[in-house]
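Written out below as structure tokens is the structure these notes cover.
The values are calculated or read from the model by the stated rules, or taken from the named source; none is laboratory data. As the structure is a prediction and not an experimental result, all values here were calculated from the model. So basically every Cβ, Gly included, is an ideal-geometry build from the backbone, and we count neighbours across all protein chains shown.
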Number of protein chains: 2
Amino acid sequence: MKSAKIGLLGFGNVGGGTYKILTDNKAIIEARTGISPEIVKILQRNRNKKRLVSVDPVLLTEDPDDIIKDPDVDIVVEMLGGIEPATSFMLQAMKAGKHVVSANKAAIAANYKILTDTAQENGVKFLFEASVAGGIPVLTSITGALQSNNFIEIMGILNGTTNYILTKMTEEGLAYKDVLRDAQEKGFAEADPTADVEGIDAANKLSILMALAFDTYVAPEAIPTTGISSITESDICRAAEDGKIIKLIGKASVRSGKLEYSVQPMMLDKAHPLCGVNNEFNAVYITGDMVGELMFYGKGAGPLPTGSAVCGDIINIMKNMEVEK
Amino acid sequence: MKSAKIGLLGFGNVGGGTYKILTDNKAIIEARTGISPEIVKILQRNRNKKRLVSVDPVLLTEDPDDIIKDPDVDIVVEMLGGIEPATSFMLQAMKAGKHVVSANKAAIAANYKILTDTAQENGVKFLFEASVAGGIPVLTSITGALQSNNFIEIMGILNGTTNYILTKMTEEGLAYKDVLRDAQEKGFAEADPTADVEGIDAANKLSILMALAFDTYVAPEAIPTTGISSITESDICRAAEDGKIIKLIGKASVRSGKLEYSVQPMMLDKAHPLCGVNNEFNAVYITGDMVGELMFYGKGAGPLPTGSAVCGDIINIMKNMEVEK
């Protein structure tokens with residue numbers, strides 16, 4: 001059986017999940033594609049960090065060039081997080097003729113144009129389903145089954161941490177900072193929660209959604225963004241008295257031909273499908289001119305849901321390599 | 001600009017919707033693919049039927065061979081409904097080297113193996129996203145972004161007519177036959193509603209979902225199927241007293257390595273995400289071993305939602321033709 005040689009940049013949560021899926025579900029991937037996914041090298045920057053999976057030490061390297069410059073590697077999977085050095089590594093890999101898969105919303109949102117242009121110039125695939133809403137297949141649906149639509153509106157619950165906090169505040173009447181502390185203790189929120197609670201993470205994801213759905217790139221820092229850190233119990237009570245629920249919504253819509261966008265807490269009618277999306281779940285609500293209203297719901301984070309999206313992209317590239325050979 | 005030559009078999013609701021999308025959204029399809037979708041011929045069997053769109057009469061034919069045997073046609077789009085002559089037309093088109101897109105769940109569920117085998121033998125694409133849950137991108141997600149998963153369970157509200165009837169019975173306390181008569185008057189139910197209300201339509205769709213997700217073809221007549229025609233107001237009241245709602249569910253799940261499947265009315269807890277799916281909407285709830293739980297929600301029928309899925313398949317083929325040329 002032919003194989004596709006895969007190099008992983010990063011071996012944290014998403015890297016570990018991706019490794020586990022390609023290993024545990026290798027047989028079904030081979031059966032569905034006729035190609036064997038073979039992990040040939042893993043960049044692990046911090047050898048002392050606790051890992052989700054154990055791995056043959058011969059696969060590990062601390063030198064990114066062992067992956068980016070290895071002529072045998074077909075697909076580079078970038079799961080480092082952060083804008084740099086991730087962006088530079090992806091660009092180098094593309095210029096070396098390698099297909100690139102990434103889960104890194106910050107790097108893609110910041111450098112969307114140069115990344116997509118460089119992939120095109122070098123005739124390689126650049127796929128990043130995992131960068132928005134984790135395991136939910138929303139990006140490939142926008143660029144695939146829904147691509148005959150002019151999109152009218154996209155509304156998303158794009159950040160699991162803030163949705164968890166708002167759900168607990170709504171259902172249990174707790175204060176923001178008490179829920180945040182509890183979420184941090186349980187590992188649902190980072191020690192420094194700024195990127196989540198101030199809406200920065202959601203803005204990165206909205207930037208990527210807009211680039212694909214509206215063919216318009218808006219830098220994340222140009223998206224008016226308000227987080228949830230100033231939401232009070234009385235805000236939530238007042239909303240409830242009006243039959244509404246507060247959710248942190250990334251929204252982009254076309255009004256009179258103009259694209260409008262924001263990330264902010266919004267009061268939604270309790271009957272809105274997004275109001276049933278609770279705790280760490282994510283959802284994206286899309287309106288197309290032809291398909292009407294759709295909602296995609298699922299887990300927006302976690303090693304295996306995010307790894308599922310990464311592996312879907314890897315397999316799509318593997319199938320395409322098959323056609324080319 | 002290069003063009004893809006498209007022949008439409010059938011010009012009813014779905015055919016009309018597909019024609020409208022390829023015409024109205026031609027510019028955005030060209031911008032996204034670099035290829036122009038060109039409808040070169042339309043098989044219209046009943047010239048007297050009222051049409052969704054008007055069309056240049058020179059495009060119309062009553063002879064299927066004008067499409068199936070035309071060497072210029074790249075993509076044949078089958079939207080006739082019914083098992084025959086639709087299946088024969090699709091097989092002939094594949095053998096003539098044409099890619100085939102179909103919205104026809106009855107034909108695909110009945111003849112899944114010969115259709116997929118014939119497409120493979122002839123090196124052509126056979127895509128049918130529109131055959132299950134209309135505009136909802138569930139099939140391409142199963143075979144694309146989710147393809148690294150072993151699927152554990154699929155539960156779907158797969159028929160809009162029965163979901164509309166059950167919603168009205170639940171929300172307004174009406175009797176089955178009164179709601180059915182009202183739905184028929186409004187055009188939401190067929191004059192002969194048997195295929196919908198007895199679960200036959202849902203069984204066709206479940207058969208297709210199982211073939212793709214579980215790599216196992218089960219003929220629709222082998223799926224234990226119970227419809228909704230014997231559901232009474234008191235069934236619905238008793239369910240409500242237990243905090244449950246009755247939905248017609250197509251369900252397939254793997255239990256101890258064995259695939260179990262049925263179409264039947266089920267009592268779901270009110271908190272289940274499928275309980276928020278009302279009226280003519282469809283939804284598919286999927287559990288994968290890696291991605292966890294996902295739900296896809298949207299319009300399962302109608303000329304434009306179904307046409308959106310048909311056009312997504314057409315464009316996917318167009319993009320692939322581009323790679324090949």
Residues satisfying the stated conditions in the stretch A:103-136, i.e. farther than 13 Å from residue A:212 by Cα and charged (D, E, K, R): A:105, A:117, A:121, A:125
Any hit, the stretch A:167-189, residues being surrounded by 15 or more Cβ atoms within 10 Å (Cβ to Cβ), of a type in the set (Lys, Arg) and out of contact with any strand residue (DSSP E or B) (no Cβ under 8 Å at 6 or more places or on another chain): yes
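Residue by residue, here is whether (1) crowded, with 24+ Cβ neighbours inside 10 Å; (2) assigned to a helix (DSSP H, G or I); (3) at the interface with chain B (Cβ under 7 Å from one of its Cβ atoms) holds:
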position: A:286; (1), (2), (3): yes, no, no
position: A:293; (1), (2), (3): no, no, yes
position: A:308; (1), (2), (3): yes, yes, yes
position: A:313; (1), (2), (3): yes, yes, no
Matching residues in the stretch A:150-161 - criterion: being in contact with a helix residue (DSSP H, G or I) (Cβ under 6 Å, 6 or more places away or on another chain) and closer than 13 Å to residue A:248 by Cα: A:157, A:158, A:159, A:161
Tally of residues being farther than 27 Å from residue A:37 by Cβ, part of a helix (DSSP H, G or I) and not aromatic (Phe, Trp, Tyr) across the stretch B:136-183: 19
Every residue from the stretch B:239-274 that is farther than 21 Å from residue B:225 by Cβ and under 25 Å from the mean Cα position of the chain (by Cα): B:272, B:273
Residue B:133 being assigned to a loop (DSSP other than H, G, I, E, B), at pLDDT 95 or above and touching an Asp or Glu at 6+ places or on another chain (Cβ under 9 Å): no
Pick from the stretch B:116-135, criterion in contact with a Ser or Thr (Cβ under 9 Å, 6 or more places away or on another chain) and crowded, with 21+ Cβ neighbours inside 10 Å, ranking: farthest from the other protein chains (Cβ to nearest Cβ): B:126
Total residues in the stretch A:248-278, condition more than 14 Å from every other protein chain (Cβ to nearest Cβ) and out of contact with any Phe, Trp or Tyr (no Cβ under 7 Å at 6 or more places or on another chain): 15
Any hit, the stretch B:23-32, residues being more than 19 Å from residue A:146 (Cβ to Cβ) and among the hydroxyl-bearing types (Ser, Thr, Tyr): no
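Confirm whether residue B:278 is closer than 22 Å to residue B:186 by Cα and assigned to a strand (DSSP E or B).
no
On the basis of being closer than 22 Å to residue A:207 by Cβ and touching a residue at least 24 places away in the same chain (Cβ under 8 Å), does residue A:232 make the cut? Outline the logic, then answer.
Numbers: closer than 22 Å to residue A:207 by Cβ: no; touching a residue at least 24 places away in the same chain (Cβ under 8 Å): yes.
Spelling it out, it is not the case that residue A:232 is closer than 22 Å to residue A:207 by Cβ and touching a residue at least 24 places away in the same chain (Cβ under 8 Å).
Answer with yes or no whether residue A:148 is within 14 Å of chain B (Cβ to nearest Cβ), modelled with pLDDT of 95 or more and closer than 20 Å to residue A:263 by Cα. Full working, then the answer.
On the way: within 14 Å of chain B (Cβ to nearest Cβ): yes; modelled with pLDDT of 95 or more: yes; closer than 20 Å to residue A:263 by Cα: no.
Against the criterion (within 14 Å of chain B (Cβ to nearest Cβ), modelled with pLDDT of 95 or more and closer than 20 Å to residue A:263 by Cα), residue A:148 does not qualify.
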Where residue B:101 falls short, out of the listed (1) crowded, with 24+ Cβ neighbours inside 10 Å; (2) away from every other protein chain (no Cβ under 13 Å); (3) under 20 Å from the mean Cα position of the chain (by Cα): (2)
Residue that is nearest to residue A:305 (Cα to Cα), among those in the stretch A:266-280 that are in contact with a helix residue (DSSP H, G or I) (Cβ under 8 Å, 6 or more places away or on another chain) and touching a residue at least 40 places away in the same chain (Cβ under 8 Å): A:280
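Matching residues to (1) within 25 Å of residue B:259 (Cα to Cα); (2) basic (Lys, Arg); (3) modelled with pLDDT of 95 or more:
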position	(1), (2), (3)
B:79	no, no, yes
B:98	no, yes, yes
B:120	no, no, yes
B:143	yes, no, yes
Filter pass, residue B:190 being modelled with pLDDT under 95 and either of a type in the set (A, V, I, L, M) or more than 15 Å from the chain's Cα centre (by Cα) (or both): yes
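Identify all residues within the stretch B:1-51 that are polar (S, T, N, Q), surrounded by fewer than 15 Cβ atoms within 10 Å (Cβ to Cβ) and more than 24 Å from the chain's Cα centre (by Cα); write none if there are none.
If we filter the stretch B:1-51 for residues that are polar (S, T, N, Q), which is where we start, we get B:3, B:13, B:18, B:23, B:25, B:33, B:36, B:44, B:46, B:48.
Narrowing the set further to residues that are surrounded by fewer than 15 Cβ atoms within 10 Å (Cβ to Cβ) leaves B:3, B:23, B:46, B:48.
Scanning the stretch B:1-51 gives B:3, B:48.
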Which numbered condition residue B:281 fails, given (1) more than 14 Å from chain A (Cβ to nearest Cβ); (2) within 16 Å of the chain's Cα centre (by Cα): (1)
Matching residues in the stretch A:295-306 - criterion: being part of a helix (DSSP H, G or I) and either within 7 Å of another protein chain (Cβ to nearest Cβ) or closer than 22 Å to residue A:123 by Cβ (or both): A:304, A:305
